[in-house]
Amino acid sequence: MKLASNEFLQAASAALQEQDKAQRRTIIGQFLPLARDAAASAYGDFDGLRAHMKRVRRHTTAHLSHYLEQFEEAAVQHGNQVHFVANAEQLNSKVLSICQAHSARRVAKGKSMVTEETGLNELLLKAGLDVLETDLGEYIIQQAGETPSHIVGPALHKSLAEIRQLFLDKHKLGDRDLDTVSEVVEEARSVLREKFLAADVGIIGANALIAEHGTSMLVTNEGNGDLCANLPPVLIVCTTFERILPRAEDAMALQRLLVRSATGQPQTCYTSFYTGPRREDDVDGPLETHIILLDNKRSDILASDYSEMLDCIRCGACLNHCPIYIGVGGHAYGWVYPGPMGSVLTPLLNSLEQAHQLPNACTSCGRCAEVCPANIPLPDLLRDLRQDESVQQLKPARWRNGLRLHAWLLRHPALYQSLTGWAMSVLGLLGKRRGTFRRLPFAGSWTGQRDFPAPEGGGTFMRQYAARRRRGGKRG
Amino acid sequence: MDKPHPKRKRSRQRRDVALMVTCLADLMRPSVGFSAIRLLERAGCRVTVPEQQTCCGQPAYNSGEVDAAVPVARAVIEAFEPFDYVVVPSGSCAGMLNHHYPALFEGEWHERALALSAKTWELTRFLTEVARLPAPRHKPLESAVTYHDSCAGLRELGVHQQPRQLLQEQCGVQVSELSQNQVCCGFGGTFCARMPDISAKMADDKLDNALATGAAVVAGGDLGCLLHLAGRARRRGLALEFRHVAELLAGDPRGPGIGEGRE
């Protein structure tokens, strides 16, 4: 996927103009936090569970190679082929070579943000394969030629009317006109069912890898993951190494956190465990299974000050709670991962230079950190990235110089107070009648969208206070 | 050691409080500083305004110019550490001293930052949890009031119920609650200037929710949010009055609200 994160400001301003979409996002931004809060409080000690998971993650990260080896050993014992790949190209070509080894023509995919990250579909399509996304949301945006706007609900930006029109355009419907939601869903279901049965290779992602059993866990609400995994003769699980957890019970703890944080459900409709290819007595299941573990700069992140970002479980709660994400939508972020988690991950998985606008798309309001099930201090990480932006001299010079001059002035109280005392007296007088300024020199970035409130008048507090003290009068 | 202390009646002892005025109150709205002094004195404190103060250094810190913010933080620690308490009429500046200063340092300065953090209070928390105000002497407010919880106060310091309780006790006002009162107003320090379109959209959502309460006055504990909201409201021509909660509690909203003219 082409990276366009540095056009964030333009894309965001354009998105703000789309009234219908903005209104739908507002509703999502109200509904999903309510659902999450209700699920978290119904659980009981949700914060305790968060803290428990954090400890499990710390332990796992500290013993990462041990657990990865344990996972690989167990997975191989069950007949899986395990591949460690360094980057996007390696993942893509590994998948392609597996497909080619089986002379595959049709690929059915479950939702996988990792393969969005590597741009797998593009490569497979170029190689002449028929690739079909089977998650309903992914299917919709694939038909529309779009990219996901949300990591859990990829088509949350589309209205029912748009989806209906899309199906009217793309499907052979005869005289059916898909008036209701259930007719639209039924239509997608019947199209997809055929494709599952015809697929040569199934590709899915993973929400967790269980080291003790060599098993991967996947949560879905549609069951499409199971059909991708069990119907085609070859299954490929594409995931990243930081999904690893020591025990099955750790994966269950993660599942409790993930689903409540994502959709507010106590659990998803399907929680599936894949352990390997069909055994002799099994009635179904794939004949060959591959697990591809992608690094793609994650080892670098692990060794950096941003290692906590690898605790992210991809629930999307930070998106749903972020007023900026809700305001401008996922596409404005210009890559695979939007919202607060995306604003951290996009610069780390690409480069800060290519995405340094994103860490600035944050008011430090802290709502993301408040709900993050993995207790990732997202506002702190975003601030650290803004510091890196400054150190790497990516920030506009006038901002950097202005802020540094301001900070220097703050350390010279006498000069600061005399300059501000003078300036505020003048501004107070000029703005006295109207109370605000519509325009002010050097304040265009404020006054473009708002009036500048005039200072109260009478000069700064420090000046007035000093004058009162000199008069020896009653303070206050 | 065993001698009884001459002034044993601790309740009568006046607390030695340093007021951190905050740069925005200093520059834009001095009446917030004077209101805070009146409130603290009414609550039995001896108030000092250290002369060397300017600003807590948040603009540089939040924008990633951390090395420029460090000497500012040192100067604040030096200016305020002699006092028993430091009171700040702002959740975001108090949060800076409470939570972010200690993270800026190691060693001796870290200890000093921690010590300052331990005695720094946001104004409405101080007036509900440390020094209580006596019964009010002023007339109850007649206008309906809604309250904007600023993010740092709300999430870093747990300021939510305290200003509401004080408005009830001191002004006889029951706050008309904003829908979506946990959501940021879009100020965010330099964010509001770096991303003005998004910031304005967030302000509009907040203002629309404020209008829906029917309240005439929007109160808050942070001037940053209030200046941003007032500026946007004036641009839209909305008839809302914006005031810092200290002004209302001090019973002295004499002058015009934030961004209002004096005809």
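Two numbers describe the Cα atoms of the range A:86-177: Rg and Dmax, which are 14.8, 50 Å. Loop-resident trypsin sites (Lys or Arg not before Pro) (DSSP state other than H, G, I, E or B) in the range A:411-451 with no more than 12 further Cβ atoms inside 10 Å of their Cβ: A:Arg433, A:Arg438, A:Arg439.
Rounded to the nearest percent, how much of the accessible area of the range A:61-300 (1.4 Å probe, protein heavy atoms only) is carbon and sulfur? Here carbon and sulfur together make up 49 percent of the probe-accessible area.
Taking a straight Cα-Cα cut-off under 30 Å and skipping sequence neighbours fewer than 8 places away in the same chain, the lysines within cross-link reach of A:Lys126 are A:Lys2, A:Lys94, A:Lys109, A:Lys111, A:Lys158, A:Lys170, A:Lys172, A:Lys195, A:Lys297. Taking the three principal axes of the alpha carbon atoms in the range A:386-438, the coordinate ranges are 45, 30, 13 Å, sorted in descending order. Across every direction, the projection of the convex hull enclosing the Cα atoms of the range A:248-392 has a mean area of 10.9 nm². Net charge within 10 Å of B:Thr22 by Cβ-Cβ distance, Lys/Arg positive one each and Asp/Glu negative one each, not counting B:Thr22 itself? Taking every Cβ under 10 Å from that of B:Thr22, the sum is -1.
Within the listed set B:Glu41, B:Glu65, B:Glu122, the Gaussian network model of chain B (springs between alpha-carbon atoms below 10 Å) gives the highest mean-square fluctuation for B:Glu65. Relative to the longest principal axis of the Cα atoms of chain A, helix A:181-198 runs at roughly 50 degrees.
Kirkwood's formula applied to the C-alpha pairs of the range B:76-145 gives a hydrodynamic radius of 13.7 angstrom.
Debye-formula intensities of the range A:404-471, expressed as log10 I(q)/I(0) at q = 0.14, 0.21 Å⁻¹, are -0.51, -0.96 (one equal scatterer per alpha-carbon, no solvent).
For chain B, the per residue solvent-accessible surface stands at 39 Å², with DNA, RNA and ligands left out and a 1.4 Å probe.
Over 28 Å, how big is the tail of the calculated P(r) for chain A, in percent of all Cα pairs? Percent of Cα pairs beyond 28 Å in chain A: 59. Inter-label distance, A:Ala51 to A:Arg247: 2.0 nm, where each label sits 7 Å from its Cα along the C-beta direction. Where the alpha-carbon atoms of the range A:61-300 are placed on the principal axes, they occupy 58, 42, 41 Å, in descending order. Scanning chain A for cysteines with no neighbouring cysteine C-beta under 4.7 angstrom from their C-beta gives A:Cys99, A:Cys228, A:Cys238, A:Cys269, A:Cys312, A:Cys315, A:Cys322, A:Cys362, A:Cys372. Straight-line cross-link reach from B:Lys139 at under 12 Å between alpha-carbon atoms covers these aspartates and glutamates, not counting any fewer than eight positions away in the same chain: B:Glu169, B:Asp252. With a Förster radius of 22 Å applied to the C-beta separation of B:Ala115 and A:Arg58, the computed FRET efficiency comes to 0.15. Distance between the pseudo-spin-label points of B:Lys139 and A:Ala127 (7 Å out from Cα toward the beta carbon): 8.1 nm. Axis angle, to the nearest 10 degrees, between helix A:88-101 and the longest C-alpha principal axis of chain A: 10 degrees. Counting only Cβ charges, +1 for Lys and Arg and -1 for Asp and Glu, the dipole size of the protein assembly as shown around its Cα centre is about 4720 debye.
For the range B:15-128, the alpha-carbon radius of gyration amounts to 1.00 times the rule-of-thumb value 2.2 N^0.38 Å expected for a compact globular protein. Once the Cβ-Cβ distance of B:Gln52 and B:Glu106 is raised to the sixth power relative to R0 = 35 Å, the FRET efficiency obtained is 0.90. Each label point was placed 7 Å from the Cα along the Cα-to-Cβ direction; for A:Asp37 and A:Phe273 their separation is 3.6 nm.
Run a plain Debye calculation on the range A:155-267 (Cα atoms as equal point scatterers, no solvent) and give log10 I(q)/I(0) at q = 0.13, 0.14 Å⁻¹, rounded to two decimals, same order as the q list. Log-scaled intensity ratios, in q order: -0.69, -0.77.
Under the convention that each Lys and Arg Cβ holds +1 and each Asp and Glu Cβ holds -1, the size of the dipole of chain B around its Cα centre is about 1060 debye. Given B:Gly188, B:Ala135, B:Ala212, which one lies farthest toward the positive end of the charge dipole of the range B:135-249, if we put +1 on the Cβ of every Lys and Arg and -1 on the Cβ of every Asp and Glu? It is B:Gly188, whose Cα lies furthest towards the positive end.
A convex hull fitted to the Cα coordinates of the range A:332-444 yields 161 cubic angstrom per residue. From largest to smallest, the equivalent ellipsoid semi-axes obtained for the range B:135-249 from the alpha-carbon gyration tensor read 24, 16, 11 Å. Here the relative contact order of chain B, from alpha carbon pairs under 8 Å that lie six or more residues apart, stands at 18 percent.
Dividing the convex hull volume of the alpha carbon atoms of chain B by its residue count gives 137 Å³ per residue. The magnitude of the dipole of the range A:269-385, with charges of +1 and -1 set on the Cβ of Lys/Arg and Asp/Glu and taken from the Cα centre, is near 400 debye. For the chain pair A and B, the interface hides roughly 6300 square angstrom of accessible area in total, found with a 1.4 Å probe.
Helical runs assigned H by DSSP (4 residues or longer) give the protein assembly as shown a calculated mean residue ellipticity at 222 nm of -15000 deg cm²/dmol, each run adding -39500 (n - 2.57) before division by the residue total.
Which of B:Lys119, B:Lys201, B:Lys139 ends up with the largest GNM mean-square fluctuation for chain B, with Cα atoms connected below 10 Å? Residue with maximal mean-square fluctuation among B:Lys119, B:Lys201, B:Lys139: B:Lys139. Rolling a 1.4 angstrom probe over the range B:135-249 with all protein chains present gives an accessible area of which 50% lies on carbon and sulfur atoms.
Of the chymotrypsin sites (Phe, Trp or Tyr not before Pro) found in the range A:366-442, those that fall in a DSSP loop while having at most 10 other beta-carbon atoms within 10 Å are A:Phe442.
The values are calculated or read from the model by the stated rules, or taken from the named source; none is laboratory data. Every value quoted in this text rests on a predicted model; they were computed, and no experiment measured them. Note: ideal-geometry Cβ built from the backbone for every residue, glycine included; neighbour counts use all protein chains shown. For the accessible areas, the whole protein counts, side chains as well, though only heavy atoms, and no ligand, DNA or RNA atoms are used. Shrake-Rupley method; radii C 1.70, N 1.55, O 1.52, S 1.80 Å.
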